[in-house]
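These notes are about the structure you will find just below.
Please treat every number below as a calculation from the coordinates, not as lab data. For clarity, every value in this text was computed on a predicted model and none was experimentally measured. FYI the Cβ positions are ideal-geometry reconstructions off the backbone, even for glycines, and counts take in every protein chain you see.
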Ligand code: RB5
């Protein structure tokens, strides 16, 4: 299994992104930090686009912004990206078991660093169940121009 994880955020979750980065490095993941690298105001779509393009090629992604909503909307426009906005560990687990989420999204104005870390741990430890869930994913993978 790939240990490569891409991280990206806008200014709205810089603190949480740094906390996740530290944890992942300590756990031995190959972390690629796509920014942002400060709390200066920036545009979340730029970061979400970079991360989605990277995850289309390999690995998984952790994507953040103030609410988590904007980056999730952007990422899900890319074919093969299944981004899930999560607010608790049950959603993080289900996003893997049922939806095979390859990107997890968090809101820095919604979830604390501790909560983000707890969700990240569960998300990374949970396998996709396949079977009927794969059938359902296949039903929406090739919709429209995405
Ligand atoms: C930035 O102020 C904020 O709009 C952004 O982080 C995010 O919440 C958008 O969905």
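Taking region 2-30, which residues are on the phi < 0 side of the Ramachandran plot and not in a helix (DSSP H, G or I)?
2, 3, 4, 5, 6, 7, 8, 9, 10, 27, 29, 30
Within region 107-127, does at least one residue satisfy the condition of being under 13 Å from residue 8 (Cα atoms) and either in contact with a helix residue (DSSP H, G or I) (Cβ under 8 Å, 6 or more places away or on another chain) or within 16 Å of the ligand (Cβ to nearest atom) (or both)? Write out each step before concluding.
Pass one, region 107-127, residues under 13 Å from residue 8 (Cα atoms): 107-108.
With either in contact with a helix residue (DSSP H, G or I) (Cβ under 8 Å, 6 or more places away or on another chain) or within 16 Å of the ligand (Cβ to nearest atom) (or both) added as a condition, the list becomes 107-108.
Yes, because at least one residue in region 107-127 is under 13 Å from residue 8 (Cα atoms) and either in contact with a helix residue (DSSP H, G or I) (Cβ under 8 Å, 6 or more places away or on another chain) or within 16 Å of the ligand (Cβ to nearest atom) (or both).
Name, by its number, the condition in (1) within 14 Å of the ligand (Cβ to nearest atom); (2) assigned to a loop (DSSP other than H, G, I, E, B); (3) surrounded by 16 or more Cβ atoms within 10 Å (Cβ to Cβ) that does not hold for residue 100.
(1)
When region 48-83 is examined, which residues are found to be part of a strand (DSSP E or B) and surrounded by fewer than 24 Cβ atoms within 10 Å (Cβ to Cβ)?
60
Within the bounds of region 17-33, is there any residue that is in contact with a strand residue (DSSP E or B) (Cβ under 7 Å, 6 or more places away or on another chain), within 16 Å of the ligand (Cβ to nearest atom) and over 19 Å from residue 92 (Cβ atoms)?
Scanning region 17-33 turns up no residue that is in contact with a strand residue (DSSP E or B) (Cβ under 7 Å, 6 or more places away or on another chain), within 16 Å of the ligand (Cβ to nearest atom) and over 19 Å from residue 92 (Cβ atoms).
For region 112-120, indicate whether the set of residues that are in contact with a strand residue (DSSP E or B) (Cβ under 6 Å, 6 or more places away or on another chain) and either surrounded by fewer than 21 Cβ atoms within 10 Å (Cβ to Cβ) or over 13 Å from residue 60 (Cα atoms) (or both) is non-empty.
From region 112-120, those in contact with a strand residue (DSSP E or B) (Cβ under 6 Å, 6 or more places away or on another chain) are 116; that's our starting set.
Next, from what is left, pick out any that are either surrounded by fewer than 21 Cβ atoms within 10 Å (Cβ to Cβ) or over 13 Å from residue 60 (Cα atoms) (or both): 116.
Yes, because at least one residue in region 112-120 is in contact with a strand residue (DSSP E or B) (Cβ under 6 Å, 6 or more places away or on another chain) and either surrounded by fewer than 21 Cβ atoms within 10 Å (Cβ to Cβ) or over 13 Å from residue 60 (Cα atoms) (or both).
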